[in-house]
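In what follows, a structure is listed as structure tokens, so that the remarks can point back to it.
Here, each number is a calculation from the coordinates, and none is a lab measurement. Quantities reported herein were computed from a predicted structural model and do not represent experimental measurements. Here the Cβ positions follow ideal geometry from the backbone for every residue, glycine too, while neighbour counts run over all protein chains shown.
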Amino acid sequence: MSLDIGAVDVDAAEDSSVNRYTLQDITPETLPAVRGIVSDVMLDIPYYLSTQHNPKMISACIQEANRIYRLWCVNNPGFSDYGRVHLVAHSLGSVMAIDILSQQPSHVEPHYTNPSIPEDKLPDDHFIFDTTDLFVCGSPVGLFLMMKNANLLPRRDKEKPGADSYAAPGVAGDQGTYGCIAVDNIYNIINPYDPVACRLNATVDTVYANTLKPVTLPSASTSYFAFANPFRRAPSSSHPDYYKPAISRLPSNVELETHNFTREEIAEKRAYLLNDNGQIDYFMKYGGGPLEIQYLTMLGAHSSYWLSRDFVRMIVVEVGREEGREGTVREMRAVKRKVVGRGA
């Protein structure tokens, strides 16, 4: 689907006084590598924010995703009933994903996968599938949330396996609220050298975010014998909490309605409803070394995610693990910073 960027207007072409030009025409030919990064990344954002191109970009993304999903379901009978969909979004694609999933219904009926329904009868304003996990990388979503004075929120009417109740006051939001996304888990992978990537923990709650230790993606190069299989329950008594976090009794709906929740309680509930691990931000290992030039390292940082084995391994583990907090891997869980008490 063409976005008509720089396309020639027929009426304008007939008028010799009208001048039309494209992005390529105004871009200097010097420093092609740097110019390529600026054009492919930074200049995409003004295009996306424009009233002319934004609806076309959103519609094209939804239509293509729905087309591929229907094709997958035709070739994998029963997938619409038992399968799970996971999205990986990079850079501006992550902003598009948040926009779409903020408007997405909390639950989508599976009848859209029926081949008898023509493609032009499919909805063009939302996906025809539910999204289990959303992985964003190199993402400026934090900037967009800040500009719209919005927060990341779970859905009030969307329950997920092993989760606490959504009924607690002030915890969740509704469809149509920007940042209130219809997913079970969202992960934000950050290359520390990537000038585009933003953190997202603070968009849930700044105070809660400051209590968490930064988490680095577990290394894929660790020896097989040094790292336990994340898909197998650990019977060893030496690490009884490796896969099963201690979960207190879930409160009843009556308790939720009568309890006066503090900011800390609300923030923690939001975080665990948005991600079973209790946090969203995960940092990649990248760069370093005595001969490193940070500016040169930065040039390749925004596209480095597709070359990271740690990133790929994390996606495989999180997609394949058991649903709910009990299925989480210890290295991915939120860890609070130690608070040193003050003397009297």
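Using R0 = 51 Å, the C-beta based FRET efficiency linking HIS111 and ASN19 works out to 0.50. Multiplying the residue separation of SER59 and MET146 by 0.36 nm and subtracting their alpha-carbon distance yields 28.9 nm. Residue order for LEU43, LEU307, fewest other beta carbons within 10 angstrom first, comes to LEU307, LEU43.
When peptides 121-134, 55-68, 269-282, 104-117 are ranked by their average number of other Cβ atoms within 10 Å per residue, the highest-first order is 269-282, 121-134, 55-68, 104-117.
For segment 73-176, dividing the convex hull volume of the Cα atoms by the residue count gives 128 Å³ per residue. Estimated at 0.36 nm per residue, the fully extended path between PHE283 and LYS121 surpasses their Cα-Cα distance by 54.2 nm.
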